[in-house]
Amino acid sequence: MNNPAVLIAATLVLAGGTFAFRLAGPYLRSRITFPPRAEKLMETSAVVLLASLVAVAALTEGHGPAGVARPAGVLAAGLLAWRKVPFLAVVLSAAAVTAVLRLLGVP
């Protein structure tokens, strides 16, 4: 892939495809309808996907477990977000919990 023309062409094709996908959503929204059950399943699947990404990011590091400090920080953030604490306080609290635990020697 040392040819600059191929790289530019690939970039333009990917940019065009991305633009087409983003344009298709609003354009097709009024033309395609899903049954209520399918819409509910899509909403639920989005939540499950995000929860699984959070779990993987919180509980693993590389090819092994992340230890205790990081999941404790994520748990603290989850509890504060559930209590509707402002976002900045949630992030700072999660960082503080993780930092304090690591300072105390908890992996």
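Points to keep in mind about this one:
- Counting the residues of region 93-107 that are surrounded by 14 or more Cβ atoms within 10 Å (Cβ to Cβ) and of a type in the set (A, V, I, L, M, F, W, C) gives 3.
- Filter pass, Ala66 being at pLDDT below 95 and either more than 20 Å from Ser52 (Cα to Cα) or in the same structural domain as Ser52 (by TED's automatic domain parsing) (or both): yes
- Pairs linking a residue in region 4-23 that is surrounded by 10 or more Cβ atoms within 10 Å (Cβ to Cβ) to a residue that is outside any helix (DSSP H, G or I), with Cβ atoms under 7 Å and 6 or more positions apart or on different chains, are Leu7/Met1.
- Thr60 being under 30 Å from Pro107 (Cβ atoms) and out of contact with any Ser or Thr (no Cβ under 7 Å at 6 or more places or on another chain): yes
The values are calculated or read from the model by the stated rules, or taken from the named source; none is laboratory data. Since this is a predicted model, take the numbers as computed values, not measurements. For neighbour counting, all protein chains shown are included, and Cβ atoms are generated from backbone atoms with ideal geometry for every residue, glycine included.
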